[in-house]
Ligand code: SF4
């Protein structure tokens, strides 16, 4: 089996308009594509090029551009190569179509992204809570969710220099560097 | 079910008359400290230092410490690392199932003050707000030597009677419950009747009941088995049929 991405993949990709193909190395291809064309691309890759394995769907929150980026990682056992298909969707309302009918594992990835980013996938079999079953706040991976502020509001902190520590410090133990010192940036 | 009325003799009713009681107490404490069964609830990465501490290299068993499989038979609850809020619920359930006297050890910096997950929305920060921690072993992660050192410290404290976190849980149950409710919501409840247990052990104090336990009693409802459904396969089945 050839270790390079085969030429017929290139021919195949020419059938779709508006794609930008970047070859990362001999076994990795990055494809940027318009959101509308992604299902077509996946269908072609799966049906004609042997990319039968959807390893993951990942999401990136580009809050400044008001967009979500969805990355579909596809693996071909035949050509031993990875294609990552990148699309951008509008952050509001954050809705996209499910690819469950093409790749069934997508159900889990989409459910996870829905939970973490609040992106809704139309046609996905189950959009209920997945891992954060006991979380009632906003989707925590969205960039506007300030985890640090939430933590400071919810939890209290232990004192860093309690009295009992002084004894230990006298014996040569204790805290070497306080968190404040540790967080200071080096000049 | 018919209720059977069994008279319970509380320790307040039977005053101690035996002059040897103190000696006997000491013997009991000595025995307790030399035979500790621990339930290691491996919540975080710190658990990785336990296998070497337990097996032949450092061999905890020579100190009388052994792993135990069920909470009902265990004396020590070992929390090894960060506890996510979801896990914390399970940890509390586990803790309340253990028979007294019971001890909690928090291994790893994450249990002390959040550790390197201090700004994470998913983990609880100070374990001792939710459970009475008898001993912390700090470090990220503590080496087996430190774990053993901690265990020996706990043995000393049990022998001297200082390790009384479990009593504190009964005495200040309202405070612990309040912190738990703050995190899990007002309808948080466990199957254990902690207040009943507190009066059984004769440890019910002014802090046992309060506003939080009243809230608990308001929200309490009979427990039902929890059911989880995964409906991913539904449409798969249909497809399979059509192929036939
Ligand atoms: S203190 Fe370090 S080793 Fe322990 S649970 Fe936290 S991150 Fe993991």
Boolean, residue B:195 is within 14 Å of chain A (Cβ to nearest Cβ) and under 30 Å from residue B:25 (Cα atoms): no
Residue B:113 versus (1) farther than 28 Å from residue A:135 by Cβ; (2) within 14 Å of chain A (Cβ to nearest Cβ); (3) out of contact with any helix residue (DSSP H, G or I) (no Cβ under 8 Å at 6 or more places or on another chain): which is the lone unmet condition? (1)
Search result, residues across region B:22-44 that are more than 16 Å from the ligand (Cβ to nearest atom) and buried (at least 19 other Cβ atoms within 10 Å of the Cβ): B:33, B:36, B:38, B:39
In region B:86-110, what residues are under 9 Å from the mean Cα position of the chain (by Cα) and within 14 Å of chain A (Cβ to nearest Cβ)? B:91, B:92, B:93
Reported set for region B:45-85 where residues are within 16 Å of the ligand (Cβ to nearest atom), out of contact with any helix residue (DSSP H, G or I) (no Cβ under 7 Å at 6 or more places or on another chain) and under 30 Å from residue B:200 (Cα atoms) is B:78
Filter result for the condition that a residue is within 9 Å of chain B (Cβ to nearest Cβ) and either at pLDDT 85 or above or surrounded by 14 or more Cβ atoms within 10 Å (Cβ to Cβ) (or both), over A:128, A:124: A:128
Residue check, residue B:95 farther than 23 Å from residue B:185 by Cβ and either away from the ligand (no atom under 16 Å from the Cβ) or free of Cβ contacts under 8 Å to residues at least 40 places away in the same chain (or both): no
Within region B:27-46, can you find the residues that are in contact (Cβ under 8 Å) with a residue 12 or more places away in the chain, farther than 13 Å from residue B:105 by Cβ and assigned to a helix (DSSP H, G or I)? B:29, B:30, B:32, B:33, B:34, B:45
Could you tell me whether any residue of region A:160-181 is more than 11 Å from chain B (Cβ to nearest Cβ) and within 30 Å of residue A:53 (Cα to Cα)? no
Kindly indicate whether any position in region A:169-185 is surrounded by 11 or more Cβ atoms within 10 Å (Cβ to Cβ), free of Cβ contacts under 8 Å to residues at least 24 places away in the same chain and closer than 21 Å to residue B:121 by Cα. yes
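So that you can scan it fast, the table gives a plain yes or no per residue for (1) more than 12 Å from the ligand (Cβ to nearest atom); (2) within 14 Å of chain A (Cβ to nearest Cβ); (3) out of contact with any helix residue (DSSP H, G or I) (no Cβ under 9 Å at 6 or more places or on another chain); (4) at positive phi:
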site	(1), (2), (3), (4)
B:118	no, yes, no, no
B:130	yes, yes, no, no
B:135	yes, yes, no, no
B:146	no, yes, no, no
B:170	yes, no, no, no
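The values are calculated or read from the model by the stated rules, or taken from the named source; none is laboratory data. Keep in mind the model is a prediction, meaning the values are calculated, not measured. Because the Cβ atoms are built from the backbone with ideal geometry, glycine has one as well, and the counts that use them run over all protein chains shown.
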